[in-house]
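The values are calculated or read from the model by the stated rules, or taken from the named source; none is laboratory data. In this text, all values refer to a predicted model and were calculated from it rather than measured experimentally. A quick note on method: Cβ atoms are made from the backbone with ideal geometry, for glycine too, and the neighbour counts reach across all protein chains shown.
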Amino acid sequence: METKNNSNYKCHFCSICDGSGCIGEMPGMGGPNQSRNFLLNCAGWENLRKENPSILKDTDSSKVEIRLAPITGAVENIGYSEEKKFYFDLIESCTKANVPLSIGDGCPDYKLQYGIEAVLEVQKKFPQKKSAVIIKPYPDKKIFERYEWASKIIEVGGIDIDSYNIVTMRNLVHLEKKTPAQLIEIKNFLSHKGIPFAIKGIFTEEDVEMVKEVKPDIVYISNHGGRVDTRKGSTAEFLEQYHSVLLSNCSKLWVDGGIRSYADVQTAASFGATTVLLGRPFITALCFNKSIVNTIHNFQNQNN
């Protein structure tokens, strides 16, 4: 059910964020193919619980990390007044809520630079605060340059391989379809600096085969919140199907997409996820002037 939006935000502030209130709105909060995978993501976690009624009984989700997903494009997709203000507001709010951070990049370069600046700003009060830094699959020289930009704030370095499938972005900034050999080179670059390597956007059988070869520190299952449509399906069902093989080839398993309740967090944990990442719930809280602290508390206080 949708509530009235009197602001310039592109979020409709639906009472339940299940993908139905912004169908097909791109730029905006929706997704391609009438938000097909966004809708499937949101429904997927409950579907897993229906298929596995006892799934939560023996699941210890107390150690599962809830992390901010990497988000860019605030002006065009969210309707925020300024790109820089969005990053500073979001990073500050998540830091107050003790939420681990992720930042992403985009075009122009200032989207990543604002994210770095926002983390540096919170480091003035919290010197140990760092962030996962997720970079698009540019030519390697450009990737390494961006990791150097982020050298003071980076705790995890990632490559967002699924962004290659966003055709407009691919053509605009010359993204590459990375080979396993190239990803191993990036992993080694980060390893020499003591930084774990993550591959974001694992969502196809081809991706799973690549993970077997690269063996990244972190596998990050994602379809860009349903905005990359390489295959029909939810991240929940993909996690269920491939968690065992993925965990045998990495140290940690991250997942995002449609996670809206603590039961969803528990469900992800039951299939081996060590971190779940939230995007739209934090965007909605920020834009609706709600506390991200309360958003996290609501997740943690739900029994089911």
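Observations on the structure shown:
- Residue check for Ala269: among the aliphatic types (A, V, I, L, M), part of a helix (DSSP H, G or I) and without any contact (Cβ under 8 Å) to a residue 60 or more places away in the chain: no
- For segment 249-263, a residue qualifies if it is in contact (Cβ under 8 Å) with a residue 40 or more places away in the chain, buried (at least 23 other Cβ atoms within 10 Å of the Cβ) and either of a type in the set (S, T, N, Q) or in contact with a helix residue (DSSP H, G or I) (Cβ under 8 Å, 6 or more places away or on another chain) (or both), and the qualifying residues are Asp256, Gly257, Gly258, Ile259.
- Neighbours by Cβ (under 9 Å, 6+ apart or cross-chain): first from segment 24-49, farther than 25 Å from Val265 by Cα; second of a type in the set (Val, Ile, Thr) and not in a helix (DSSP H, G or I): Pro32/Val228; Gln34/Ile23
- Per-region count, segment 29-55, residues assigned to a loop (DSSP other than H, G, I, E, B) and buried (at least 17 other Cβ atoms within 10 Å of the Cβ): 4
- Positions within segment 65-81 being among the β-branched types (Val, Ile, Thr) and surrounded by fewer than 18 Cβ atoms within 10 Å (Cβ to Cβ), in sequence order: Val75
Condition check ((1) assigned to a helix (DSSP H, G or I); (2) touching a strand residue (DSSP E or B) at 6+ places or on another chain (Cβ under 8 Å); (3) surrounded by 15 or more Cβ atoms within 10 Å (Cβ to Cβ); (4) in contact (Cβ under 8 Å) with a residue 24 or more places away in the chain) across all residues:
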position	(1), (2), (3), (4)
Lys85	yes, no, no, no
Cys94	yes, yes, yes, yes
Pro127	no, no, no, no
Phe144	yes, no, yes, yes
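- The residues of segment 278-304 that are in contact with an Asp or Glu (Cβ under 9 Å, 6 or more places away or on another chain), farther than 20 Å from Asn47 by Cβ and not in a helix (DSSP H, G or I) amount to a single one, Gly279.
- In the condition set (1) at pLDDT below 95; (2) more than 13 Å from Asp162 (Cβ to Cβ); (3) within 15 Å of the chain's Cα centre (by Cα), Ala263 is compliant with all but (3).
- Residue match in segment 222-236 (condition: over 26 Å from Glu148 (Cβ atoms) and without any contact (Cβ under 8 Å) to a residue 24 or more places away in the chain): no
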